[in-house]
Amino acid sequence: MTNLKKVAILGRPNVGKSSLFNRLARQQDAITSDTIGTTRDIKKRVVTISGNRDFEIIDTGGIDESTEMFATVKRLSLRTAKEADIILYVVDGKNIPAEEDKELFYGLQALGKPIALIVNKIDNDKDEALRYWDFLEFGADITLPISVSHNRYMNAFYTWLETYIPEREEEKTLTLEEDDEQSFEDILEMVHIKEEEEEDNHIKVAIIGRVNTGKSSLLNALLQEERAVVSNVAGTTIDPINESMEYKNHTITFVDTAGIRQRGRIVGIEKFALERTEAMLKEADIALLVIDATMGVVELDERIANLIEKFKLGCLIVLNKWDIRDEITYEKAVEDIRDELKFLHYAPLITISAKTGQRVPKILDEIIAIYGRYKQRIPTATLNEVLKYAIGRHHPPSLNGVPIKIKFATQYEIKPPKIALIVNRPDGVHFSYKRYLANIFREKFDFVGVPLDIDPRKRGQRVDDD
């Protein structure tokens, strides 16, 4: 993807620039808060609107000269505006127009680029009546009232932006239904595909498990030095511990989480530790599920494993304390884990001893391999060739006599991989057939250790619709 239009978001502090950036990027990427000056650096992301219009959105720091640091932020922001193709100047619609905004806007307008005056925080009709009309005195070619937080009037904003963002030139790809009246380009327009701007080699790994299963010992063994407190007292770790290391051109950040107890036994500070653990899992890529080999899988292990399923993480099951286990064989241990944790069927398993270091280094290689699969994107043409093969082997069952026709498939997300099926009756794709397709995709593509979402969608429905 080359020669993308650059769209810069500028404005004074605390007007909602980062919120608009996040809305366009469709994720909570930039930090937002009521604290003035939260954003200080330049943040970029390649995004897509209308299914096939790609551009680079650039979030800049709030323009202010109150301190030497903010003066530097202003200089960088204005330099970004000069390099951009399109400028979005954001103002706070809750307040009356400021002279500083007028001065900055007129200076940017003089650059001769497409520029829109974005009046943010117009959350309701009252706001619009009170403030929006005051901003017309700027004399901007286009003045757009919006509310990013309430998703209000955003369609008009997107319509204006589309006039300056060209459509992507699509490559011809396999169509499954020769007589389908809708072209590949029409179907692809339903799908919001996020493009990765650059190679991502930073892996976030959560070490998760019951209390006293050896998570902190494992962290120390992986880092080859004592970073976490190790004790026989259950629940020693309360705060998540972040530690990073470099391995084979990757940065791996480990988080040793608080050991999880039965819910009835979670009290006081451990309750907050559990909440922080779940918040951390939302940001993780891979979970190391640590199980005590001397006890095997217990009910709480299954509940903890459900968190991995909930947050759709890559997973490696780590059977610790293998050096002091009883007479249980490897085959029996694997059988028991697979039987109790059926929903983690995709996760590989490794037996280790964090205390002696037995097989611990192999975990690092597994993490890198799983992450490579977690972020892989299958080319659309290849994916549809496999889909056609799968349908040829086993057609989807009909629904109340109505044939189920799968028109097309595309992977619309990574980390984890998500595949949309464009189908005439999404409700007719039985879970067993989705499981069949997932198994075929796992057979043809390497998805070991990675959850895989199969998402039936009706024609005309975007994959990012709720």
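The values are calculated or read from the model by the stated rules, or taken from the named source; none is laboratory data. The structure presented is a predicted model; accordingly, all values stated were derived computationally and were not measured. Neighbour counts are summed over all protein chains in view; Cβ atoms, including those assigned to glycine, are modelled from backbone coordinates with ideal geometry.
Brief remarks on what is shown
- Of all residues in region 293-317, those that are assigned by TED's automatic domain parsing to the domain that holds E331 and under 16 Å from I350 (Cβ atoms) have Cβ atoms under 6 Å from Cβ atoms of residues that are of a type in the set (F, W, Y) and buried (at least 19 other Cβ atoms within 10 Å of the Cβ), 6 or more apart or on another chain, in A293/W322; G314/Y374.
Conditions (1) buried (at least 16 other Cβ atoms within 10 Å of the Cβ); (2) in contact with a Lys or Arg (Cβ under 6 Å, 6 or more places away or on another chain); (3) in contact (Cβ under 8 Å) with a residue 60 or more places away in the chain, marked per residue:
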site	(1), (2), (3)
S398	no, no, no
G401	no, no, no
T410	yes, no, yes
E413	yes, no, yes
A420	yes, yes, yes
V423	yes, no, no
Y433	yes, no, no
V450	yes, yes, yes
I454	yes, yes, no
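- Tally, over region 387-412, of residues that are polar (S, T, N, Q), within 34 Å of the chain's Cα centre (by Cα) and either farther than 13 Å from A438 by Cα or part of a helix (DSSP H, G or I) (or both): 1
- Boolean, A258 is in the same structural domain as D365 (by TED's automatic domain parsing), crowded, with 21+ Cβ neighbours inside 10 Å, at pLDDT 90 or above and more than 26 Å from G372 (Cα to Cα): no
- The residue of region 94-120 that is surrounded by the fewest Cβ atoms within 10 Å (Cβ to Cβ), among those that are among the aliphatic types (A, V, I, L, M) and more than 16 Å from A81 (Cα to Cα), is I96.
- Residue within region 392-400 that is under 29 Å from C315 (Cα atoms), in contact with a helix residue (DSSP H, G or I) (Cβ under 7 Å, 6 or more places away or on another chain) and not basic (K, R) present: no
Condition check ((1) crowded, with 18+ Cβ neighbours inside 10 Å; (2) under 14 Å from I118 (Cβ atoms)) across all residues:
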site	(1), (2)
R131	yes, yes
G139	no, no
V148	yes, yes
M154	no, yes
Y158	no, yes
L161	yes, yes
Y164	no, no
E167	no, no
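- Every listed requirement among (1) buried (at least 19 other Cβ atoms within 10 Å of the Cβ); (2) more than 33 Å from the chain's Cα centre (by Cα) is met by T356 save one, (1).
- Looking across region 214-255, the residues that are modelled with pLDDT of 90 or more and either closer than 20 Å to L300 by Cβ or touching a Gly at 6+ places or on another chain (Cβ under 9 Å) (or both) come down to L218, A221.
- Failed item, numbered, when D123 is tested on (1) surrounded by 12 or more Cβ atoms within 10 Å (Cβ to Cβ); (2) under 23 Å from D64 (Cα atoms): (2)
- Within region 336-369, considering residues that are assigned to a helix (DSSP H, G or I) and of a type in the set (V, I, T), the one farthest from C315 (Cα to Cα): V360
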